[in-house]
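Some notes on the structure that comes next.
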Amino acid sequence: MRAFRDNFKHLLGDTIMEIQVGMGPAGELRYPSYPEANGTWKFPGIGAFQCYDKYMLSSLKAAAEAAGKPEWGSTGPTDAGHYNNWPEDTPFFKKEGGGWKTPYGEFFLTWYSQMLLEHGERILSSATSIFDGAGVKISVKVAGIHWHYGTRSHAPELTAGYYNTRYRDGYLPIAQMLARHGAVFNFTCIEMRDHEQPQDALCAPEKLVKQVALATGAAQVPLAGENALPRYDEYAHEQILRASSLNVDGSPVDREMCAFTYLRMNPSLFHPDNWRRFVAFVKKMNEGKGARRCWEEVEREAEQFVHVTQPFIQEAAVALMH
């Protein structure tokens, strides 16, 4: 981070307005609980706890002894299944009598999630110190783990380090930690609708985004977003506009997302129809939640810009293909 600051100090606060601090896999604050490489994990598997190296086991042992339960400190859960199981396949995550609701389960999940929070705290302390006075925002990316969200245990979130269940809010502690450092909470899956996802896996991205919006509002931390998968259609654009307006119960009327990262710039984006839709989408995002104009009106205004930029767009598309 120091090397980055020193090499780019002439751009900080002007060209570079925000620095997203890498916290883990894909830059996200989470454990590498669902690795896709080599087919280890496939959607919508529950993932696996990452607490079996000597350092984590040493910390677990100390925490168990401090809790007066040294027998809980020898290893992580042994009945939590494997990467591609579903919650009901496992004694630990099943809804009725699952280990996650026992005193042992609550002890383990509290320790496991706290270790992730402490990791985030250490990295953010360094980042805010190094970039102090540089005129940039610091942001942290949190994963949008929406599969099995409709279950009681929220197993994929638990293995990733988010102690979020039907009975416990796992995102408020993360938001509060970011608030202490004045950081932005950056969240994914903003473009997704519940009904587009596999319902047998009880996916609920919209409900998850709403929960995160409420948590960040309660912690008074700015919320930014991005789409999890590349999308170029108006249906996704409309969902992003809806989600970014933060019109959720209990949220201030003047609150909206502070930023949005669009995935992704590639040849598909510069297809004439996609580019036209994207220009209109950017205009709508720029107008903010108070705007009441229809898509057709905005697209007509966007046409002039689309026409003017056409030669540049064709060049960009060719360059990206090569």
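The values are calculated or read from the model by the stated rules, or taken from the named source; none is laboratory data. Quick caveat: nothing in here was measured; it's all calculated off a predicted structure. Here the Cβ positions follow ideal geometry from the backbone for every residue, glycine too, while neighbour counts run over all protein chains shown. The area values use the complete protein model at the heavy-atom level, side chains included, leaving out ligands, DNA and RNA. Shrake-Rupley method; radii C 1.70, N 1.55, O 1.52, S 1.80 Å.
Annotations for the structure displayed:
- Residue-averaged 222 nm ellipticity for the chain, from DSSP H runs of 4+ at -39500 (n - 2.57), nearest 500: -13000 deg cm²/dmol
- Relative contact order of the stretch 180-280: 31 percent, from C-alpha pairs under 8 Å at least 6 residues apart in sequence.
- Solvent-free Debye scattering, log10 I(q)/I(0), computed from the Cα coordinates of the stretch 266-321 at q = 0.15, 0.17, 0.20 Å⁻¹: -0.44, -0.55, -0.70
- Evaluating 6.51 cos²θ - 1.76 cosθ + 1.60 at θ = phi - 60° for every residue in the stretch 6-14, the Karplus couplings come out as 5, 6, 10, 4, 6, 10, 5, x, 10 Hz, glycine and proline recorded as x.
- Residues whose placed amide H lies under 5 Å from that of F260, excluding near-sequence neighbours: G225
- Dipole of the stretch 18-133 [Lys/Arg +1, Asp/Glu -1 at C-beta], most positive-end residue of A63, P25, G99: G99
- Other-chain or far-sequence residues with amide H under 5 Å of E28's (modelled H): M23
- Dipole magnitude of the stretch 41-88, debye to nearest 20 (Cβ charges: Lys/Arg +1, Asp/Glu -1, about Cα centre): 140
- Put a plus charge on the Cβ of each Lys and Arg, a minus charge on the Cβ of each Asp and Glu, and nothing anywhere else: the dipole of the stretch 266-321 about its Cα centre is then about 260 debye.
- Only protein heavy atoms count here; under a 1.4 Å probe, K210 has an accessible surface of about 80 Å².
- DSSP finds beta bridges in the chain, and of those with both partners inside it, around 5 percent are antiparallel.
- For the chain, the Cβ-based charge dipole about the Cα centre amounts to some 540 debye (Lys, Arg positive; Asp, Glu negative; other atoms uncharged).
- Were the residues from K54 through A26 laid out at 0.36 nm apart, the gain over their Cα-Cα distance would be 7.7 nm.
- Listed peptides 154-160, 128-134 appear in the order 154-160, 128-134 once ranked by packing, highest mean of other Cβ atoms within 10 Å at the front.
- Sequence of C189, C258 from largest to smallest accessible area, 1.4 Å probe: C258, C189
- Projecting the Cα atoms of N266, N164, L124 onto the charge dipole of the chain (Cβ charges, centred on the Cα centre) puts L124 farthest toward the positive pole.
- Protection-proxy order for peptides 75-81, 44-50, 309-315, each taking the mean of Cβ atoms within 10 Å per residue, highest first: 44-50, 75-81, 309-315
- FRET efficiency estimate (nearest 0.05) - Cβ-Cβ, A259 to Q220, R0 25 angstrom: 0.90
- Rounded to whole Hz, the Karplus (6.51, -1.76, 1.60) HN-Hα couplings of the stretch 83-94, x for glycine and proline: 3, 9, 6, 9, x, 6, 6, 10, x, 6, 9, 5
- For the pair the stretch 155-222 / the stretch 82-121, the C-alpha centres are spaced 17 Å from each other.
- Here the 3J(HN,Hα) profile of the stretch 184-200, calculated from phi with Karplus coefficients 6.51, -1.76 and 1.60 at θ = phi - 60°, is 8, 8, 9, 10, 9, 6, 5, 7, 8, 10, 4, 6, 7, 9, x, 6, 5 Hz, Gly and Pro shown as x.
- Database remark: amide H of E18 closer than 5 angstrom to the amide H of K137 (H placed geometrically; neighbours at sequence offset of 5 or more, or on other chains; Pro and chain starts carry no H).
- Largest-first ordering by accessible area, 1.4 Å probe, given options S125, S74: S74, S125
- Using heavy atoms of the protein chains and a probe of 1.4 Å, the accessible area assigned to K61 is about 110 Å².
- Accessible heavy-atom area order of R264, R276, R122, highest first, probe of 1.4 Å: R122, R264, R276
- According to the calculation over all Cα-Cα pairs in the chain, the P(r) per 10 Å bin from zero is 5, 22, 30, 25, 12, 4, 1, 0 %.
- Accessible area (Å², 1.4 Å probe, nearest 10) - T40: 50
- Counting only lysines at least 8 places from K94 when in the same chain, those with an alpha carbon closer than 27 Å to its own are K42, K61, K69, K207, K210.
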